[in-house]
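The numbers here are math on the coordinates, done by the rules we state, and not lab data. For clarity, every value in this text was computed on a predicted model and none was experimentally measured. Note that each Cβ is placed from the backbone with ideal geometry, even for glycine, and that neighbours are counted across all protein chains shown.
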Amino acid sequence: MDARRYAHAVIMLAVILVFGQNGFAVSLSSDPAAMSSWRGSSPFSSPDGKLTGSVDFAVYGKGDYDGMYKKLFADSYVYAYQVFNDENSKVAVDYFSVGLYADAKAQNAVYDPMKGADPPEGSIPFMQFVLPQSVIYLFQSDNIGAGEHSLTVLFGSDSAPDMAKGAVSGGFTGGTTMNLPTPGWIVPEPATFGLLIGGAMMAIRRRRKV
């Protein structure tokens, strides 16, 4: 077991001991702590039909997030997502990203095993990036296989939510997008969401060269 998985196992054990196996087994789409008009689920399907699934989402108002990083996000809106890969998918999900409006700020991209469906199970992102145009979670070392889901991933922002685009990709499908909430109330750049998948692929290439 590598150091990252060992640390994750220790965290999972602590969560189970304190809260029980299903202490926080509430899907993001129905979490009462989230803003009522900003929780739900958004489907996705790649053009070739090989990658299908959905992303549950929830946005928490300032001070309303009640997960593992409550203190970290005490003064921020929290944007949370959980990726589900359908049983009939032919490929695994290896990255997920959320687009950002121009000048919208995001910070503290993490994952929370206490939130979302089926805690503390789920694929673990091995790297997270906050870029000017998107927030990216990479799953290359723990792909989200058919019939599987990720842990809940999240980030904070001072900006209230608006609806924009997220993206997933896997198995060289070229990726696909879906509607997701993101920090908003700022006029977007037209090219921002066209850079979603390109930005993620650049991050992956840089990682592989290291």
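Couple of notes before you dig in:
- Taking Ser37, Ser54, Ser169, Ser30 and counting other C-beta atoms within 10 Å, the order from fewest to most: Ser37, Ser30, Ser54, Ser169
- Residues listed by number, the stretch 37-66, amide nitrogen under 19 Å from Asp86 label point at 7 Å toward C-beta: 41-57
- 5 Å-binned pair-distance histogram of the stretch 48-88 (Cα, whole percent): 6, 22, 21, 14, 10, 10, 9, 7, 1
- Stretchable slack from Asp48 to Asp162, in nm (0.36 nm times residue separation minus alpha-carbon distance): 38.1 nm
- Using the alpha carbons alone, the radius of gyration of the stretch 44-120 stands to its Kirkwood radius in an Rg to Rh ratio of 1.02.
- Between Gln128 and Asp66, full extension at 0.36 nm per residue minus the direct alpha carbon distance yields a gain of 20.2 nm.
- Gyration tensor over alpha-carbon atoms, the stretch 25-209, equivalent ellipsoid semi-axes in Å: 23, 19, 15
- Centroid-to-centroid, using Cα positions, the stretch 139-168 and the stretch 39-78 are 6 Å apart.
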